[in-house]
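*Asks:* Before I ask anything, here is the structure I am working with.
Just so it is clear, none of the values below were taken in a lab; they were calculated from the coordinates. Predicted model only: the values in this text are computed from it and were never measured. Glycine gets a Cβ as well: all are built from the backbone with ideal geometry, and neighbour counts include every protein chain shown.
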Amino acid sequence: MNKVIALIAAVILSAFAAACSSDSSVNNAAPAGNRSSTNANAVTANAPAKPADETPAPVKAAFPDAQSFTKQHKDIPQNSIADIEKDTGGKVPDTDHHSYLAFSTEGGARKQVGAATVVKADGKDVVIVYENKDGSPYIKEIRADGVPATFLSQFAGKGHDDKFAFGSEIKANGVDESAVKAITMAIKIDMLTMQALYGKAHAH
């Protein structure tokens, strides 16, 4: 009888120990929901970062109705560089030309509303806003902090065939002469560059 009681007690103890071992393994494991969350976080962390918007604030300010911008890179052909430098007497600053295309969304359709470039002149960032006329770029407006609008407004409406000479078409209008020459040269070079890259072909 004692042997039977001892045997029953041994079986009960064995079952209790197994139950404790099972509880311990469950408690040490991460809940299924947490495991899923951990894996999702790992995937997110390894996902490529979304490209930052490189559009300068002055360019965005020139297109208040635009919902998005695209930065455009284009290499200027060597023969175009030679022509531009011959026509202006200046130096093309870089063979990689940058422009910013502005887009709006009307009725669900994405539409380009303009383009702009940023050039350096006299230590200032000069924003040149372009519009398209008959397949060629024309200057819509020029923006530059600290430069009078009476000077900058002289460039509005000019295209690649227009004169940009200081002292005749372009007046100082209160701006320092060295600054006028630098800004005028930078604008003329950029205008001819935009024409070479985006304008329609001309016979002359």
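*Asks:* If you average 1/r over all unlike Cα pairs in the stretch 57-198 and invert the result, what Kirkwood radius do you get in angstrom?
*Replies:* This gives a value of 15.6 Å.
*Asks:* So, one more: Given R₀ = 22 Å, FRET efficiency for A156-K124 by Cβ-Cβ distance, to 0.05?
*Replies:* After rounding to 0.05, the efficiency reads 0.75.
*Asks:* Taking Cα pairs under 8 Å and at least six residues apart, what relative contact order does the stretch 48-101 come out at, in percent?
*Replies:* Relative contact order of the stretch 48-101: 41 percent.
*Asks:* Moving to a separate point now. Where does each of L192, L101 land when they are ranked from fewest to most other beta-carbon atoms within 10 angstrom?
*Replies:* L101, L192
*Asks:* Right, another one. HN-Hα J couplings of the stretch 64-78 from phi, Karplus 6.51/-1.76/1.60, θ = phi - 60°, integer Hz, Gly and Pro as x?
*Replies:* With coefficients 6.51, -1.76 and 1.60, one gets x, 8, 7, 9, 8, 9, 10, 8, 10, 10, 9, 7, 7, x, 4 Hz.
*Asks:* Shifting gears a bit: Rank the residues S178, S99 as a footprinting-exposure proxy: fewest other Cβ atoms within 10 Å of their Cβ go first.
*Replies:* The order, fewest Cβ neighbours first, is S178, S99.
*Asks:* While we're here: List the relative contact order of the stretch 57-198 as a percent without decimals, with contacts defined as Cα pairs under 8 Å and 6+ residues apart.
*Replies:* 22 percent
*Asks:* Would you list T105, T184 from fewest to most Cβ contacts within 10 Å?
*Replies:* T105, T184
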